[in-house]
């Protein structure tokens with residue numbers, strides 16, 4: 001069974017329900033993925049081929065040409081990959097508009113069922129539409145601004161690929177480590193016996209080994225291994241250890257001028273052996289069952305999550321990192337308690353914006369695993 005396929009569909013559906021109050025997928029075996037789901041999976045591999053253009057060409061064009069002109073020009077550029085990217089973006093944008101417009105229209109026209117759903121809904125889109133309708137005229141967001149907020153551009157897109165691929169990574173790791181898989185299954189089974197199948201948030205997040213498996217995977221294999229930021233002002237960045245400059249003098253800080261683009265290696269920060277120890281490149285969930293090394297605590301890693309840079313830090317850290325963790329634990333507790341996973345083919349991971357599994361020698365991303373239904377106890 002291609003678990004990447006199912007993790008992608010499940011991740012989008014959970015975000016759709018909680019973020020938009022909208023169902024993208026019934027998750028039936030015979031059903032097809034929603035076009036939005038297909039577009040999301042194609043976006044990063046496609047856009048990664050235009051890195052140079054995005055970084056250096058497009059910013060210059062924007063200085064002289066309005067976005068609408070740039071968009072129209074795409075149709076006349078004879079390059080199939082560029083047209084594919086255009087089509088992918090169009091599907092994502094149009095789906096976002098359709099969902100928003102349908103809810104807004106029903107709300108404005110007094111559709112009682114939809115209005116009741118929006119009034120009672122806890123999803124982000126319902127809260128946004130309701131709050132925006134009650135705001136003073138001068139404080140209201142435009143439709144485009146609402147669409148550009150968390151649900152469509154940030155929450156839905158950014159949270160689907162990263163979470164589904166992280167879940168795929170965990171399933172692959174457990175498939176090659178049956179003892180770890182059995183240990184996790186035993187913990188989940190005990191929790192279900194104690195709390196029941198529908199565990200509360202507090203009950204689910206209190207499972208120590210499940211938490212350790214998630215944390216260790218996000219440490220060693222962050223879905224995105226690199227990120228960048230642009231300095232908004234001149235700043236002197238202190239160094240944890242002094243280095244020797246080209247003139248031979250020791251430096252304990254580096255001046256970063258305003259406008260400088262700084263690339264941060266999430267992967268190297270999470271695997272630094274001076275912080276995590278000599279086994280920093282090994283997947284060991286049990287390291288999270290004891291207090292972290294003092295040197296790690298003293299380093300004050302600026303990430304928002306577990307001394308890691310996986311979800312980055314600061315004002316532009318991942319806003320959905322708590323939701324992502326919960327999503328992973330819900331899926332894992334459901335699957336591991338009912339199925340046994342084992343490896344069926346050799347898998348390699350490629351970095352196409354987000355680390356993605358491929359069958360070795362294949363041309364499309366997949367994660368085929370052997371899945372066995374466990375006998376009911």
Check your understanding: What number of residues within segment 235-255 are in contact (Cβ under 8 Å) with a residue 12 or more places away in the chain and under 18 Å from residue 302 (Cα atoms)?
Key -> 8
Study note, to complete from the structure: Condition set at pLDDT 80 or above and surrounded by 11 or more Cβ atoms within 10 Å (Cβ to Cβ), scope segment 62-71, selection farthest from residue 42 (Cα to Cα): answer is 65
Review point. Here are some conditions: (1) outside any loop (DSSP other than H, G, I, E, B); (2) over 27 Å from residue 127 (Cα atoms); (3) touching a helix residue (DSSP H, G or I) at 6+ places or on another chain (Cβ under 9 Å). Residue 77 meets all but one. Which one does it not meet?
Key: (1)
Exercise for review: Can you run down the residue pairs with Cβ atoms below 6 Å, 6 or more apart or on separate chains, where the first is in segment 202-221 and at positive phi and at pLDDT 95 or above and the partner is surrounded by fewer than 20 Cβ atoms within 10 Å (Cβ to Cβ) and in a helix (DSSP H, G or I)?
Suggested key: none
**Study point:** Residue count for segment 1-33, restricted to those that are without any contact (Cβ under 8 Å) to a residue 40 or more places away in the chain and over 18 Å from the mean Cα position of the chain (by Cα)
**Key:** 10
Check your understanding: Restricting the search to segment 244-261, which residues are at pLDDT below 95 and surrounded by fewer than 10 Cβ atoms within 10 Å (Cβ to Cβ)?
Key -> 244, 246, 247, 248, 249, 250
Check your understanding: Of all the residues that make up segment 329-349, how many are buried (at least 20 other Cβ atoms within 10 Å of the Cβ) and under 30 Å from residue 206 (Cα atoms)?
Key -> 7
Practice item. Provide a single number: the residues in segment 290-300 that are in contact with a helix residue (DSSP H, G or I) (Cβ under 7 Å, 6 or more places away or on another chain) and closer than 19 Å to residue 221 by Cβ. Key: 1
Review point. Can you tell me which residues in segment 350-377 are in a strand (DSSP E or B), under 21 Å from the mean Cα position of the chain (by Cα) and surrounded by fewer than 17 Cβ atoms within 10 Å (Cβ to Cβ)?
Key: 350, 351
Review point. Given the residues 169, 183, which is the only one that is modelled with pLDDT of 85 or more, surrounded by fewer than 18 Cβ atoms within 10 Å (Cβ to Cβ) and closer than 30 Å to residue 354 by Cβ?
Key: 183
Point to revise | Filter result for the condition that a residue is farther than 23 Å from residue 173 by Cα and surrounded by fewer than 20 Cβ atoms within 10 Å (Cβ to Cβ), over 21, 30 | key: 30
Check your understanding: Quick one: how many residues across segment 116-133 are part of a helix (DSSP H, G or I), surrounded by fewer than 16 Cβ atoms within 10 Å (Cβ to Cβ) and modelled with pLDDT under 75?
Key -> 3
Point to revise | Residue identified as modelled with pLDDT of 90 or more and within 15 Å of residue 162 (Cβ to Cβ) among 266, 301 | key: 266
Exercise for review: Just need a number here: residues in segment 85-109 that are touching a residue at least 24 places away in the same chain (Cβ under 8 Å), in contact with a helix residue (DSSP H, G or I) (Cβ under 6 Å, 6 or more places away or on another chain) and closer than 18 Å to residue 50 by Cβ.
Suggested key: 4
Review point. Looking at segment 285-295, which of the residues that are surrounded by fewer than 17 Cβ atoms within 10 Å (Cβ to Cβ) and within 26 Å of the chain's Cα centre (by Cα) is nearest to residue 181 (Cα to Cα)?
Key: 286
Practice item. For residue 77, indicate whether it is at pLDDT 85 or above, over 25 Å from residue 130 (Cβ atoms) and surrounded by 12 or more Cβ atoms within 10 Å (Cβ to Cβ). Key: no
**Study point:** Given (1) loosely packed, with under 13 Cβ neighbours inside 10 Å; (2) farther than 30 Å from residue 350 by Cα, index of the condition residue 204 fails
**Key:** (1)
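The values are calculated or read from the model by the stated rules, or taken from the named source; none is laboratory data. Quantities reported herein were computed from a predicted structural model and do not represent experimental measurements. FYI the Cβ positions are ideal-geometry reconstructions off the backbone, even for glycines, and counts take in every protein chain you see.
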